[in-house]
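Chemist: One structure, as structure tokens, below. Some questions next.
Every number in this text was worked out from the coordinates using simple rules, so none of it is lab data. What you are looking at is a predicted structure, and each value in this text was computed from that prediction instead of being measured. Cβ: placed from backbone, ideal geometry, glycine included. Neighbour counts: every protein chain shown.
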Amino acid sequence: MIRLSPPPTAAVGIVSAAIVITRLIGCSTEPTSFQLGVRFGAVNAVSTYKMDSHQVGKVYENDSIIKEVDSKMEGDIRYTTKEILPDGAAVVLEENRWSWDEPSDSGQVKRVTKDYAYELTILSSGKVADLKMIDPPSKNWEAYVKRYSEQGMPIFPDEKVSTGYTWTQTLPVALPSGDTATARS
């Protein structure tokens, strides 16, 4: 019978590797933490996005369904950084072009396209501090867009976080009835 043994240098290498791996596994390291936030491009930087929206829902009046909604919209969205403020906030021009199919009373469907533009002041936390519509169609529409933007933008925590951290943001939402509901995201 022939017995093969590793040369002594190979055995030392295997033992050394096992010791290093054991020490690495045994070492405890602090969990990595980081600050979440929004970093804006330089002044005049432009970002563009495509957004497809599909909204399905029911419209109630006096506890009765008066209409079911199933609409699809496509949007082209363009953000231009207009100014970076000393506190890290940014003034951003948001330009939107939304298109959707709209049925008429006669059953015909026509393609509708509308353009909207807003000037937003967005804090580095993601919070919309101010929103001004450029050529607002109405004060009600401007108020709606402000609420929609506030609900849709994540507001990041003030403290540093680590992997696995979760948070919930809440904000009051004014209902047409005058009541207030709470939106959570």
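Chemist: Which distance in nm do the two modelled labels at Glu61 and Val112 give, with both placed 7 Å along the Cα-to-Cβ direction?
Modeler: Taking the simple label geometry, Glu61 and Val112 are separated by 1.7 nm.
Chemist: Can you compute the radius of gyration and Dmax for the range 53-185, using only the Cα atoms, both in Å?
Modeler: 18.0, 57
Chemist: At 0.36 nm per residue, and after removing the present C-alpha to C-alpha distance, how many nm does the segment from Asp70 to Asp87 gain when stretched out fully? Intermediate results must be reported in sequence, preceding the final value.
Modeler: Working: separation 17, 0.36 × 17 = 6.12 nm, distance 4.20 nm.
Additional length available on full extension: 1.9 nm.
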